[in-house]
Amino acid sequence: MKVVVIQGPNLNMLGVREQHIYGPMKLEDIHQQMKNFADQNGIEIEFFQSNLEGEIVDRIQECLGDADGIIINPAAYSHTSIAIRDAIAAVEIPTIEVHISNIHAREDFRKKSITAEVCAGVIAGMGPFSYHLAMIAILQIMQEIKAIKEQQQQQQQNG
Ligand code: DQA
């Protein structure tokens, strides 16, 4: 089972940007923790960060036929990008949206995520731990889908 983690604009600045909101942890440290969880659970994992909308769309499309789950923090694009939303909907891969901060407790323009509407679930406001919770969620979803597929194969074989 493979998970692709996609990080949107300015998340490469974690540990530097607005520490009172996002905390002191760097993106590479978050990724290391996710990698540890993935290794412990036999999941393959890849990381991608971009500040460019089109590159994020491309990376989502590349997941087709490759990834079993996506974890995405579209960052500011959550509130604006129909292109990223359409890409998530297009690939039909279970996707968990993550926000470090509680977007519902911030400025009005952050309260709506148009990308979240096509995701299986959203985890927000738990700081960097949001990513760990997303790993638990995506693992559960991927295991359920795998079990259903295996059951279907078994039924086909049995005629
Ligand atoms: C964010 C919340 C967004 O509103 C903001 O633009 C970000 C980070 C978060 O993780 O809390 O860049 O996605």
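The values are calculated or read from the model by the stated rules, or taken from the named source; none is laboratory data. Here the structure is a predicted model, which is why all the values come from computation and not from measurement. A quick note on method: Cβ atoms are made from the backbone with ideal geometry, for glycine too, and the neighbour counts reach across all protein chains shown. In case anyone asks, the SASA skips ligands and DNA or RNA and just uses the protein heavy atoms, side chains included. Shrake-Rupley method; radii C 1.70, N 1.55, O 1.52, S 1.80 Å.
Numbers below:
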read-out	value
In the chain, lysine pairs closer than 24 Å at Cα, eight or more apart or cross-chain	6
Cα centre as origin, Lys/Arg/Asp/Glu Cβ charges: the chain dipole, Debye	380 debye
Å² per residue, accessible surface of the chain at 1.4 Å	53 Å²
Three-way shape call for the range 1-55 based on the alpha-carbon gyration tensor, with the a/c threshold at 1.5	oblate
Acute angle (nearest 10 degrees) that the helix 82-91 long axis makes with the longest principal axis of the chain, alpha-carbon atoms	20 degrees
Under 5 Å, built H, 5+ apart or other chain: amide partners of HIS99	ILE123, ALA124, GLY125
Estimated 222 nm signal from helices in the chain, with DSSP H stretches of n ≥ 4 weighted -39500 (n - 2.57), rounded to 500	-14000 deg cm²/dmol
Cα gyration tensor category, rounded, prolate or oblate, for the chain with a/c compared to 1.5	prolate
Heavy-atom accessible surface of the range 10-159: percent carbon and sulfur, 1.4 Å	49 percent
Cα-based shape type of the range 56-144, given that a ≥ b ≥ c are square roots of the gyration tensor eigenvalues and the cut on a/c is 1.5	oblate
